[in-house]
1. Being more than 17 Å from residue 148 (Cα to Cα), in a loop (DSSP other than H, G, I, E, B) and among the small types (Gly, Ala, Ser) is the filter here; which residues of the range 180-214 pass it?
2. Answer yes if at least one residue in the range 291-301 is hydroxyl-bearing (Ser, Thr, Tyr) and in a helix (DSSP H, G or I), and no otherwise.
3. Quick check on my filter: what residues within the range 297-310 are of a type in the set (A, V, I, L, M) and surrounded by fewer than 20 Cβ atoms within 10 Å (Cβ to Cβ)?
4. Out of the residues in the range 120-139 that are touching a Lys or Arg at 6+ places or on another chain (Cβ under 7 Å) and closer than 23 Å to residue 224 by Cβ, state the one that is surrounded by the fewest Cβ atoms within 10 Å (Cβ to Cβ).
5. Quick one: residue 241 ticks every box in (1) in a helix (DSSP H, G or I); (2) surrounded by fewer than 23 Cβ atoms within 10 Å (Cβ to Cβ); (3) not assigned by TED's automatic domain parsing to the domain that holds residue 107 except a single one, so which number is it?
6. Please indicate, with yes or no, whether at least one residue in the range 259-268 is more than 20 Å from the chain's Cα centre (by Cα), surrounded by fewer than 16 Cβ atoms within 10 Å (Cβ to Cβ) and of a type in the set (Gly, Ala, Ser).
7. Going through the range 215-229 one residue at a time, which ones are of a type in the set (A, V, I, L, M) and either assigned to a helix (DSSP H, G or I) or under 18 Å from the mean Cα position of the chain (by Cα) (or both)?
8. Taking the range 1-40 only, how many residues are at pLDDT 50 or above and surrounded by 18 or more Cβ atoms within 10 Å (Cβ to Cβ)?
Amino acid sequence: MNFMSKTATAALGVVLAGAAMASAPASADDVAEHFENKTVTILIPYGPGGTYDKYGQTFTKHMDKFIPGKPTMIVQHMPGAGGAKAMNYAYNVMPKNGLNMIVPLDNTVINQLLRPEKMRYESDKFTWVGSTNQTNVILVASVKKGITSIEDWKKSSTGLIGSSSGAASTSTLIPKYVMSALKLSGKVVSGYKGSSASIFAIERGEADMSAFNWLAWSSKVPHWFEGDKPFAKAVLQVGVWKDPDLKDVPMLEDVVPAEYKAGAQFLGTLGPLGRGLALPPGVPQMVIEPLRTAYDKMNADPAFAAELKKRKLRLIPSKGADIQKTVEAAMKSTTPEVVAFVREAIFPKK
């Protein structure tokens with residue numbers, strides 16, 4: 001047998017093994033053998049230091065003990081295009097063997113529908129493993145211009161300048177939609193490298209507001225919101241349910257005109273997705289359920305909860321199957337008309 005025929009035979013063996021793994025019922029021993037002495041890589045769509053990275057790093061320290069075969073787990077960072085680079089990679093290139101996952105963007109559905117030319121994936125084709133935190137987006141404004149609420153902003157003649165990490169980021173999507181819906185003065189400046197840079201641009205006085213998940217604000221600049229004279233105020237939140245820490249902060253859909261409510265509900269889908277894990281499409285069923293079970297066990301583990309608390313990260317768990325239904329429902333219920341309306345509100349044609 002020559003070299004080429006050996007290679008072809010080996011390749012055929014890999015294909016047949018993959019087909020068998022996808023179709024045949026797997027025993028516990030089969031699953032353990034699949035993961036034993038292997039490395040599971042978690043892809044982070046941003047650079048180090050943000051909440052995606054912090055959750056991903058924590059997953060690698062705790063989830064492995066619940067996966068049959070106890071593989072090694074590591075993170076890999078792939079920043080770029082507001083997280084779209086990593087999402088596109090995960091969908092189109094990432095190996096489909098259960099040894100590679102991504103901490104997906106909480107605005108996965110929103111980005112796909114609003115910017116299909118940039119987002120080369122289908123949200124409902126990912127397999128959602130689970131989530132560990134609800135991430136309502138909170139629009140925060142410094143008080144230096146006297147704007148501490150949406151009502152104050154409506155009265156402002158100068159408006160607010162927002163700092164953003166890119167067109168796909170909530171720091172662009174939410175402020176622009178809010179300004180369009182409520183006819184508010186202001187603009188959004190893009191180009192900051194992630195949420196941390198955008199947030200500290202406000203502290204330096206380069207910007208007045210931005211919009212990220214509450215954990216980003218409360219973990220990075222908790223002192224902003226303390227005392228009788230806080231540096232900044234949370235003025236609006238976007239999600240499905242109110243954040244448990246911000247029950248007095250109004251929801252976007254409750255303050256916009258009637259014609260903007262469907263768009264606000266569409267944007268609110270990012271809340272339940274939160275911070276979790278997803279697999280690329282085409283991963284064999286034999287590893288999906290064990291990974292979902294391992295994720296649920298991690299979420300219920302006191303040691304995991306303790307480390308999250310130590311890292312100032314929250315635990316608001318959701319099961320992978322529930323997230324899957326949320327994504328599928330959002331994809332089915334969001335009409336082209338709503339998407340077109342939101343797109344025009346955020347990215348108006350010149």
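1. Scanning the range 180-214 gives 190, 191.
2. Step one: filter the range 291-301 for residues hydroxyl-bearing (Ser, Thr, Tyr), giving 293, 295.
Remaining after also requiring in a helix (DSSP H, G or I): 293, 295.
Yes, the conditions are met somewhere in the range 291-301.
3. The answer is 300, 303, 305, 306, 308.
4. Initially, the range 120-139 is screened for residues touching a Lys or Arg at 6+ places or on another chain (Cβ under 7 Å), giving 129-133, 135.
Among the residues that remain, those that are also closer than 23 Å to residue 224 by Cβ are: 133, 135.
Values: 133: 21, 135: 29.
Result: 133.
5. Here residue 241 meets the rest and fails (1).
6. no
7. Pass one, the range 215-229, residues of a type in the set (A, V, I, L, M): 215-216, 221.
Within the range 215-229, 215, 216 meet the criteria.
8. Residues flagged as at pLDDT 50 or above and surrounded by 18 or more Cβ atoms within 10 Å (Cβ to Cβ) within the range 1-40 amount to 5.
The values are calculated or read from the model by the stated rules, or taken from the named source; none is laboratory data. Just so you know, these numbers come straight off a predicted model, no measurement behind them. All Cβ positions, glycine included, derive from the backbone under ideal geometry; neighbour counts span all protein chains shown.
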